[in-house]
Structures are given as structure tokens and as C-alpha cells.
Amino acid sequence: MKSGTVALIGRPNAGKSTLINRIIGHKVAITSPKPQTTQFSIQAVYDDSAVGKKPSRGQILFLDTPGVFAKTNDPKLKEINLEAEQVLKGDVDLIVYVIDPTRERGLEENRVLGTMRKTDIPKLLVFNKSDKRGKNYSEQYKFMEDEFDDIVYVSALKGENINQIIDWIFENLPEGEKMFDVSTMPSKTLNLDSKLFLEELIREKAFLRLRRELPYMIRIVVDTVEKRKGKDLVYIKARILAPKGIRK
């Protein structure tokens, strides 16, 4: 039996959240074209037995970290950057580094790579968005291959080669007992209760539907969640909070 913790790292919009959703089998992290949609680490459990694997190889605790910005003067974004870096200083067994080769390598990638180089644990390099057509900058990332234990080309959006990531993780995780009894868990996430999950879903829809009129650092607060009598509906009352001074 294998058991351990795996951190997903990468620059904003590399596809980490889409990848974790695909691995877990349902949405645990919100996604959008906006950079830095993920603003805190998502902790989600993958269990072989829960997806019908026999015999079960074990259990994986995934940490989906926020994308790392190169430079920012925004206090909130600095806090997000720090959180992503702190994850790697914790009790992590493996790193899955996600790259978007449809974008040129830049300062953000250099910062993520510098953070990754501070650890000596096994690392997998994942080239995401292999289904994309058009410009491809894979050659700009070739120098990184020697710093990783293995390389996988995937499409998180279409689910291509995802099993290769899972196989590599189980091959490299340490032996150990399962950390969680998934049969008693109401959700596969550890740090998202129902209220926080609803707040994240609303924030995702705001990001997808609004454009310039949307302040980047909005926050959602769910005040009420109740099932209305006689109706097969759930009533949700929530507020969308914008930074002070955004109205002009």
C-alpha cells in the first residue's frame, strides 16, 4: 500500500485546477481563463479503491497550489505567492510541475522553477494542453527536463494520459497506510466545507461572465443556505464584495 502527499505547482493558467478536477473525477477547484483564479491551496484525496481499482494501490493527498506570479505589489497576491511556496516547505512527498507550452517561458516560470529547485524530492514534469493547436513553445522548456525524474504529455481538459501521472505517483510514493477513510468523507476535499465551496463556485461564475467591470480581487460571502419547503430548490443568499474605492 502506498500513501503520501503530492503538490501541484506551476504558473497561473497552466491548468493545475483542471488537472486536479480530472484526477479526482469531479470539480474540487474552480477554473476560469483569468489568471490566479485559485487563491488558496485545495486539499483533495484520491483513493484507488474509490474509483474501482483492484487491488487498490493506495491513497494520494493532492495539494493544488495557487499559480505563482513573477512580481506584484498587491499585498493579497504576495500572500498567495507565499502560500504556494510554503506548501513545498511542508510535508510533501512528490511534486507535479505543470507547464503550459502554448505560452512563452517568462519570469513567472523562472520563479516557479527557482522554488522547485529548493527541494530534492522526486519531481514529475507535466506538459499540459497537448490537444492545443497553433504556436507551441516546448523548446523553451527543454532545458528543464534534466531536472525532473520523468516527463508526461497530457491534456487535462480532454483527460489524455492522466493515468500516466497517477501511475508515476504510485510508483514513487512511500509505503504507508491510508490517511483517510473516504467512505466516511462527505467530500473528497479536506479544506472546503459546503459554504466555502459555494463561495468558490459563485466566484468562478463571476469570473466567467464579467469582464472589465469585475474587480480582480473580489470576495464572496455566503450568508444563507436553506432548502425551501415544498420546493425542490436550495435558496442561497450571497454577497460579492469588491475592494474599497473601486467605484468612480
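Some observations on this one:
- Restraint check, K16/K227; K205/K227; K27/K195, Cα-Cα greater than 24 Å: K16/K227
- Potential extension, L210-E147 segment - 0.36 nm per residue separation minus Cα distance: 18.7 nm
- A Förster radius of 35 Å, combined with the Cβ-Cβ distance separating D223 from M179, puts the computed FRET efficiency at roughly 0.55.
- Cross-link partners of K132 among aspartates and glutamates, defined as those whose alpha carbon lies under 14 angstrom from its own and excluding same-chain residues fewer than eight positions apart: D100, E160.
- Peptides ranked, highest mean first, by Cβ atoms within 10 Å: ranges 42-49, 221-228: 42-49, 221-228
- Burial order of peptide ranges 116-128, 132-144, 169-181, 6-18 (average beta-carbon count within 10 Å, highest first): 6-18, 116-128, 169-181, 132-144
- Cross-link pairs beyond the 27 Å C-alpha cut-off, checked among K135/K158; K142/K178; K2/K123; K2/K129: K142/K178; K2/K129
- Seen through its C-alpha gyration tensor, with square-root eigenvalues sorted a ≥ b ≥ c, the stretch 95-171 comes out oblate because a/c lies at 1.5 or above while a/b is not bigger than b/c.
Each reported figure results from applying straightforward, stated rules to the coordinates on display, with no laboratory input. Small disclaimer: the values here were computed from a predicted structure and weren't measured. Please note: Cβ atoms are built from the backbone with ideal geometry, for glycine as well, and neighbour counts cover all protein chains shown.
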